[in-house]
Amino acid sequence: MITSTIHLAETILKNNGIIGFPTETVYGLAGSAFSDKAIHTIFQLKNRPHNNPLIVHIGSVHQLEGIVREIPPKANVLINQFWPGPLTLLLKKSSRISDLVTAGQDTVAIRMPSHPLALELLNSIDFPLVAPSANPYQSISPTMPKHVDSYFGAKIPLILDGGPCNKGIESTIVGFEGDQVIVYRLGAITLEDLESCVGTLLENNKSHEKIKSPGMAKKHYSPKTPLLCSSFIRNDIQKYVSKKIAVVYFDELDDLESNEGIDYYSFQGDLQHASANLYGLLHDLDSRNYDLIIIEKFPDLDLGKTLNDRLERASFKD
Ligand code: TXA
Ligand code: MG
């Protein structure tokens, strides 16, 4: 059932059930963060390895009290600036959060989404919600109710319809070590946004392998159709010209190769537009039997960095 009222969703969640849950980033598969049964069901539905922890969603800052042990000063600054919104914080968990949620880690990932229906639901129940993206492990995240329906329709009782996700890309994840802010996943809040708020950031690269975000596996977010992220789009069109291909370019391309087997799509040079629509376009293209999807690499700044990160994980290596 797809509905935009929250009453039935509340009842299902109170009874340890799972729903499709709209946020401003992507749709989640949500269940009570305090229900082992709900958490087990989520892992099972997604076919997700148990060592990959879940994000806890809250509807007000007061809810942090029961679930974390401390809030570092820079976390407070970020909360004031970006919540509700697409920023996830890794904070030391209290005993109220089970090891099933955090995959045994001492930190729990928490965010307050800004989607009005998500907030309405979260504030109508007295427990937080765990919600990983509502896609099977390693496939493309859903940004519309119909995507969730096609992945899980028969297996979940309800999808809460909040329309298309306006950010369209997952939340940014940061953690804290001493006075340092460490970026674990690029997302809808840009590095530039974060830096202007808390100064220099550390990126979670190899020198920071101590704490891992297992979901940051090299392969992720993949369509079934092979996808190529291209820095030299004209060369790659030439190389694959004999195949049925979808070419997605960022801004404008002059003198396009016109060929019956090639379809073109453009993001009109707008990174926000690209972020809001990239996953939706991939879902769509994936259903059209192309041999290959070629996407032009985005400019390497702001949301372009996040989009390039996702494309790299979604790409095949030829
Ligand atoms: O935008 C989002 O964050 C969406 C919406 C639904 O809120 N959720 C989402 O969840 O993207 P998921 O499960 O698909 O991705 C969560 C990522 C995973 O890579 C996971 O490994 C990481 O967060 N993560 C969760 N808890 C963690 C923790 N305690 N320490 C390190 N990484 C963590
Ligand atoms: Mg995910």
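The values are calculated or read from the model by the stated rules, or taken from the named source; none is laboratory data. As the structure is a computational prediction, the values presented were derived from the model and not from experiment. As a convention, Cβ positions derive from the backbone with ideal geometry for all residues, glycine included, and neighbour counts pool all protein chains shown. The accessibility values were calculated without ligands, DNA or RNA, using every heavy atom of the protein model including side chains. Shrake-Rupley method; radii C 1.70, N 1.55, O 1.52, S 1.80 Å.
Before moving on, here are some points about what is shown:
- Listed by position, the strands (runs of 3 or more DSSP E) contained in the stretch 243-318 that have at least 2 residues being of a type outside the set (Val, Ile, Thr) and open to solvent by less than 40 Å² (accessible area, probe 1.4 Å) are 245-249.
- Matching residues in the stretch 133-150 - criterion: being over 12 Å from residue 284 (Cα atoms) and open to solvent by less than 10 Å² (accessible area, probe 1.4 Å): 134, 135, 141, 148
- Take the conditions (1) closer than 16 Å to residue 121 by Cβ; (2) within 15 Å of ligand 2 (Cβ to nearest atom); (3) surrounded by fewer than 24 Cβ atoms within 10 Å (Cβ to Cβ); residue 12 misses just one of them, which is (2).
- Check on residue 168, more than 13 Å from ligand 2 (Cβ to nearest atom), within 16 Å of the chain's Cα centre (by Cα) and on the phi > 0 side of the Ramachandran plot: yes
- Considered as a group, the residues in the stretch 50-96 that are more than 15 Å from residue 106 (Cβ to Cβ) and hydroxyl-bearing (Ser, Thr, Tyr) include one that is surrounded by the fewest Cβ atoms within 10 Å (Cβ to Cβ), and that residue is 60.
- Listed by first and then second residue, the pairs linking a residue in the stretch 25-47 that is open to solvent by 30 Å² or more (accessible area, probe 1.4 Å) to a residue that is among the aliphatic types (A, V, I, L, M) and part of a helix (DSSP H, G or I), with Cβ atoms under 9 Å apart and 6 or more places separating them unless they lie on different chains, are 36/100; 40/100.
- Of all residues in the stretch 145-165, one or more are more than 10 Å from ligand 1 (Cβ to nearest atom) and modelled with pLDDT under 95.
- Flag for residue 310 being under 14 Å from residue 225 (Cβ atoms) and not hydrophobic (A, V, I, L, M, F, W, C): no
- Tallying residues that are without any contact (Cβ under 8 Å) to a residue 40 or more places away in the chain and either buried (at least 21 other Cβ atoms within 10 Å of the Cβ) or in the same structural domain as residue 79 (by TED's automatic domain parsing) (or both) within the stretch 151-192 yields 3.
- Of all residues in the stretch 225-244, those satisfying the criterion of being of a type in the set (A, V, I, L, M) and within 12 Å of residue 312 (Cα to Cα) are 227, 228.
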